[in-house]
Amino acid sequence: MTRFLLRRLLIAGPILLGVVFVVMATMDVIPGDPAAMMLGQGATQDIVTRLRAELHLDEPLSVRYVGYVGRLVHGDFGRSIVDSRPVNEEIAPAWTATLELGSAALVLMIVGGLLLGVFSAHWHRTVFDDASRVVSLFGLSMPVFWTGILFILVFSLWLRWFPSGGRGSWTHLVLPAVTLAIPSMATLARVTRSSMLDVLHEDYIRTAYAKGSRNVVVLFRHALRNALIPVVTVLGLQLGQLLGGAILTETVFAWPGVGRLLVQAISTRDYTLVEGGVLVLAVTFVLTNLVVDVAYAYLDPRIVYR
């Protein structure tokens with residue numbers, strides 16, 4: 001298991017370095033001069049040139065990349081170009097908010113997706129199965145931003161059950177967490193249903209029923225555990241879907257997370273803030289996938305020796 005973890009960690013390093021390079025190269029391609037945007041239209045060319053030199057924007061991409069990676073080794077994410085605050089101080093509270101939203105959505109996705117998939121397979125070709133597949137198809141078809149706007153319209157403006165945005169009490173978390181979880185929950189439910197249908201026809205399931213085991217015991221102790229391998233694989237992919245959807249969800253619900261911070265930083269061409277925010281999301285994604293790999297290896301120990 002130790003060698004398995006070391007291999008995964010060694011793969012993570014080049015991935016993160018590649019993410020940083022792609023972000024820096026992309027920001028170079030985007031039209032506009034951050035120095036000119038910061039100084040305004042009344043600034044002269046000499047002042048703009050001087051500010052570009054101070055921000056190292058006049059250096060080649062390769063030089064800036066090496067310097068940025070060197071600062072990252074010492075835990076320095078740089079300073080925001082717009083307000084000159086350390087990027088660490090900008091991202092820390094935003095990352096906490098994103099982690100809160102993502103954790104709530106992850107719990108909803110796992111619990112809702114597994115339960116919906118298990119009971120859909122158990123009541124195969126019934127009204128419940130048909131209804132769950134329709135709900136899953138609806139969840140996969142609706143974009144996150146459209147679902148969020150619809151939830152705000154219904155549950156905030158019409159029914160007045162939950163706030164329409166911001167972060168505060170648990171009521172502020174309900175709508176964005178459900179919005180973010182719905183597409184991944186639908187995917188997980190469909191995969192769980194398909195995997196459970198394959199397992200429920202095995203001989204050991206019939207043996208468990210013949211011994212008089214209750215439905216709940218058979219479904220969750222015997223069937224679900226053996227059906228989890230493809231489910232865990234899809235779960236790892238959906239973690240990336242959650243991080244991507246968090247950007248839109250946080251923007252729609254004015255949730256002060258990393259996604260909303262990135263949107264604001266991109267609009268102002270704040271290079272260092274964009275690079276730091278994307279790097280934090282990439283590290284979060286790599287670490288969560290490492291946890292998924294460990295869970296996968298636990299469910300199927302043969303993975304460790306491949």
First in segment 91-109 and under 20 Å from Ile182 (Cβ atoms) and acidic (Asp, Glu), second anywhere and at pLDDT 85 or above and in a helix (DSSP H, G or I), Cβ under 8 Å, 6 or more apart: Glu100/Leu173
Evaluation of Gly78 against (1) exposed (fewer than 12 other Cβ atoms within 10 Å of the Cβ); (2) at pLDDT 70 or above (one fails), failing number: (1)
Some residue of segment 249-258 being without any contact (Cβ under 8 Å) to a residue 60 or more places away in the chain and either assigned by TED's automatic domain parsing to the domain that holds Glu275 or within 18 Å of Asp293 (Cα to Cα) (or both): no
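Results for (1) at pLDDT below 85; (2) in a loop (DSSP other than H, G, I, E, B), shown as yes or no for each residue.
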position: Gly113; (1), (2): no, no
position: Asp130; (1), (2): yes, no
position: Val154; (1), (2): no, no
position: Trp161; (1), (2): no, yes
position: Ala177; (1), (2): no, no
Segment 179-214 - residue that is among the β-branched types (Val, Ile, Thr) and closer than 20 Å to Ser120 by Cβ and, of those, farthest from the chain's Cα centre (by Cα): Ile205
Some residue of segment 51-63 being at pLDDT 75 or above and buried (at least 16 other Cβ atoms within 10 Å of the Cβ): no
Test for Gly259: is it assigned to a helix (DSSP H, G or I), at negative phi, of a type outside the set (D, E, K, R) and buried (at least 17 other Cβ atoms within 10 Å of the Cβ): yes
Flag if Val294 is at pLDDT below 80, aliphatic (A, V, I, L, M) and farther than 27 Å from Pro143 by Cβ: yes
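Matching residues to (1) under 19 Å from Phe119 (Cα atoms); (2) buried (at least 19 other Cβ atoms within 10 Å of the Cβ); (3) of a type outside the set (Val, Ile, Thr); (4) not assigned by TED's automatic domain parsing to the domain that holds Leu114:
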site: Ala189; (1), (2), (3), (4): yes, yes, yes, no
site: Ser194; (1), (2), (3), (4): yes, no, yes, no
site: Leu228; (1), (2), (3), (4): yes, yes, yes, no
site: Gly240; (1), (2), (3), (4): no, no, yes, no
Residue in segment 135-143 that is among the aromatic types (Phe, Trp, Tyr) and under 30 Å from Glu275 (Cα atoms) present: no
Search result, residues across segment 216-251 that are over 10 Å from the mean Cα position of the chain (by Cα), closer than 30 Å to Leu279 by Cβ and among the polar types (S, T, N, Q): Thr233, Thr249, Thr251
Answer from Val134, Val118 - the residue that is assigned by TED's automatic domain parsing to the domain that holds Leu242, farther than 22 Å from Gly244 by Cβ, touching a Leu at 6+ places or on another chain (Cβ under 6 Å) and assigned to a helix (DSSP H, G or I): Val118
Search result, residues across segment 218-248 that are of a type in the set (Val, Ile, Thr) and without any contact (Cβ under 8 Å) to a residue 60 or more places away in the chain: Val218, Val234, Ile247
From the options Gly277, Gly240, residue that is in contact with a Phe, Trp or Tyr (Cβ under 6 Å, 6 or more places away or on another chain) and not aliphatic (A, V, I, L, M): Gly240
Residues satisfying the stated conditions in segment 120-163, i.e. in contact (Cβ under 8 Å) with a residue 12 or more places away in the chain, among the polar types (S, T, N, Q) and either in contact with a His (Cβ under 8 Å, 6 or more places away or on another chain) or surrounded by fewer than 18 Cβ atoms within 10 Å (Cβ to Cβ) (or both): Ser156
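The values are calculated or read from the model by the stated rules, or taken from the named source; none is laboratory data. As the structure is a prediction and not an experimental result, all values here were calculated from the model. Cβ sites come from the backbone with ideal geometry, for glycine too, and all protein chains shown count toward neighbours.
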